[in-house]
Amino acid sequence: MRRTLKVGVIGLGFFGARHARVLAVHPAAELVGVCDKDAARLAETAAIAGVPGFDDFSALLALPELEAVSICLPDRLHEAAAIAAAEAGKAILLEKPLAHDAATARRIVDAVEANGTRLMVGHILRFDPRYVQVYHAAAPERLGAPIHLRAKRSGIRSTARRLGASSSILFYMGVHDVDALQWIARSRIARVYAQKRDVLGNGNEDALYAVVNFENGAIGAIDYSWAWPDGLMNGFRAALEVVGTRSATYLNVADQGFYTVDDDGTSGGDTHLWPEINGRIAGDLADEIDHFVTATLSGAPYLQSCQEAFDAIPVLDALAESARSGQPVEVCRQAPTLAPNG
Ligand SMILES: NC(=O)c1ccc[n+]([C@@H]2O[C@H](COP(=O)([O-])OP(=O)(O)OC[C@H]3O[C@@H](n4cnc5c(N)ncnc54)[C@H](O)[C@@H]3O)[C@@H](O)[C@H]2O)c1
């Protein structure tokens with residue numbers, strides 16, 4: 001008989017509810033429990049998935065049959081649940097960012113390594129066909145050496161208001177592009193010079209711009225905004241470009257290739273990230289979760305190593321520090337190299 005991975009979900013907000021829906025119908029997964037401290041959210045997802053609900057993640061982690069968890073807690077609350085899951089010996093799919101600073105990320109990874117379990121961070125762009133194709137187009141034999149890179153990501157102000165101080169433009173949006181830039185450039189960011197603005201009063205930054213230097217000599221520009229009005233089609237837009245010594249490649253996520261127009265305006269739809277297709281959540285999120293389930297069951301390495309996920313966090317620390325101080329900041333890479341994981 002085909003084995004299934006017995007998995008739980010911790011945090012059932014915007015994203016965890018979607019994780020639970022994907023896992024509830026995955027052919028190689030068995031959702032055995034869900035957890036949220038919010039009683040209404042817990043009851044809703046537990047009922048849809050038809051599984052027991054827990055208001056404390058320790059109770060979920062104590063289920064003897066549980067083998068893996070997906071952790072979808074707010075960005076600043078990843079540590080306690082991730083370390084508890086590692087100590088309970090569970091495989092972990094942890095939503096990005098790995099943690100909200102490098103010291104916390106290090107404690108999580110140390111707990112995973114000390115307990116001999118496995119960790120995959122939910123860097124969804126690694127599963128997005130557009131970004132994966134840019135990665136391949138930027139291979140040295142096609143691109144040559146990267147000369148300059150640019151990443152842009154804009155979100156809407158109601159998202160910034162909803163998350164408030166529980167997140168930041170860097171954790172919620174910025175980590176996507178920091179990871180993508182380092183992955184696509186095949187080089188880590190060594191130095192950053194950032195500036196930010198906060199005029200809307202949403203409890204976090206409205207915008208953060210930065211110039212960055214890569215270890216391989218390339219220069220980059222980062223442009224993040226959480227200030228777009230809520231009418232922005234799809235609620236976000238993104239772009240990424242790489243120019244090399246032999247070729248260049250450009251990615252534009254402006255309208256997802258689908259929109260409808262009526263007398264009130266234009267509205268888009270999600271065709272890539274987590275679209276609902278024929279009653280199921282499909283797209284990048286479903287592919288990411290499928291990879292986690294199948295690689296955990298087979299013991300194959302995860303697509304992204306723990307080290308690469310970790311490498312994004314000191315860059316976020318440096319961007320935050322530079323935006324605060326107004327000075328260029330060297331990325332602190334003092335942490336020893338992690339053992340290959342995943
Ligand atoms: N990959 C992506 O594109 C993507 C998209 C959205 C969110 N995310 C990530 O997913 C994570 C969750 O984000 P979100 O937008 O769903 O946040 P959210 O605020 O909507 O949901 C968080 C949930 O966690 C619950 N919670 C908080 N503390 C808890 C505790 N101690 N025990 C149990 N439940 C608790 C809250 O009640 C809430 O339901 C974040 O790390 C975020 O960065 C990733």
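The values are calculated or read from the model by the stated rules, or taken from the named source; none is laboratory data. Bear in mind the structure is a predicted one, so any value in this text is a computation, not a measurement. Neighbour counts are summed over all protein chains in view; Cβ atoms, including those assigned to glycine, are modelled from backbone coordinates with ideal geometry. Accessible surface areas use protein heavy atoms only, side chains included; no ligands, DNA or RNA. Shrake-Rupley method; radii C 1.70, N 1.55, O 1.52, S 1.80 Å.
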**Study point:** Relative contact order of the chain, defined on C-alpha pairs under 8 angstrom at six or more residues apart (%)
**Key:** 18
Point to revise | Pairs of Cα atoms farther than 24 Å apart, segment 1-155, % | key: 41
Review point. Build a GNM of the chain with springs between Cα atoms under 10 Å: which of 269, 201, 235 gets the top mean-square fluctuation?
Key: 201
Exercise for review: May I ask you to list the lysines whose Cα is less than 25 Å away from that of residue 196, ignoring any residue fewer than eight positions away on the same chain?
Suggested key: 96, 152
Point to revise | Set of aspartates and glutamates with alpha-carbon distance to residue 37 below 12 Å, sequence-local pairs under 8 removed | key: 55, 56
**Study point:** Counting all C-alpha pairs of segment 268-320, share separated by more than 19 Å (%)
**Key:** 51
**Study point:** Accessible surface, per residue, of segment 248-335 when the full set of protein chains is kept, probe 1.4 Å, Å²
**Key:** 50
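Which GluC sites (Glu not before Pro) from segment 62-152 combine a DSSP loop assignment with at most 14 other Cβ atoms within 10 Å?
Those that pass, being in a loop and sparsely packed, are 65.
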Check your understanding: Could you give the nm distance between label points at residue 262 and residue 200, where each point is 7 Å from its Cα heading toward the beta carbon?
Key -> 2.5
**Study point:** Other-chain or far-sequence residues with amide H under 5 Å of residue 5's (modelled H)
**Key:** 29, 30
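Per residue and in cubic angstrom, what volume does the convex hull of the Cα atoms of segment 24-102 have?
Numbers: hull volume 7.6 nm³, N = 79.
Cα-based convex hull of segment 24-102, divided per residue, equals 96 Å³.
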Study note, to complete from the structure: In Å², rounded to a whole number, the accessible area per residue of segment 14-169 with probe 1.4 Å is 40
Point to revise | Length-normalised contact order of segment 107-222 in % [C-alpha pairs under 8 Å, at least 6 apart] | key: 26
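Can you run the Rg to Rh ratio on the chain? Use alpha carbon positions and the Kirkwood inverse-distance Rh.
Working: Rg = 19.7 Å, Rh = 20.7 Å.
Expressed as Rg/Rh, it is 0.96.
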Review point. In segment 183-219, which residues have a backbone nitrogen under 18 Å from the label point lying 7 Å from residue 246's Cα in the Cα-to-Cβ direction?
Key: 184-187, 218
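Could you look at the chain and say what percent of its accessible area is carbon and sulfur, using a 1.4 Å probe and all protein chains? Write down the numbers at each step before the final one.
Details: 7810 of 14760 Å².
With neighbouring chains kept in place, the figure for the chain is 53 percent.
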Revision key, fill the gap. Applied in sequence order to segment 308-315, the curve 6.51 cos²θ - 1.76 cosθ + 1.60 (Karplus, θ = phi - 60°) yields integer Hz couplings, x standing for Gly and Pro, of 5, 5, 4, 4, 6, 6, x, 5
Check your understanding: So which residue, out of 117, 296, 260, gets the largest mean-square fluctuation from a GNM of the chain using Cα contacts under 10 Å as springs?
Key -> 260
Exercise for review: Specify the residue with the greatest mean-square fluctuation among 151, 39, 210, computed from a Gaussian network of the chain linking alpha-carbon atoms under 10 Å apart.
Suggested key: 39
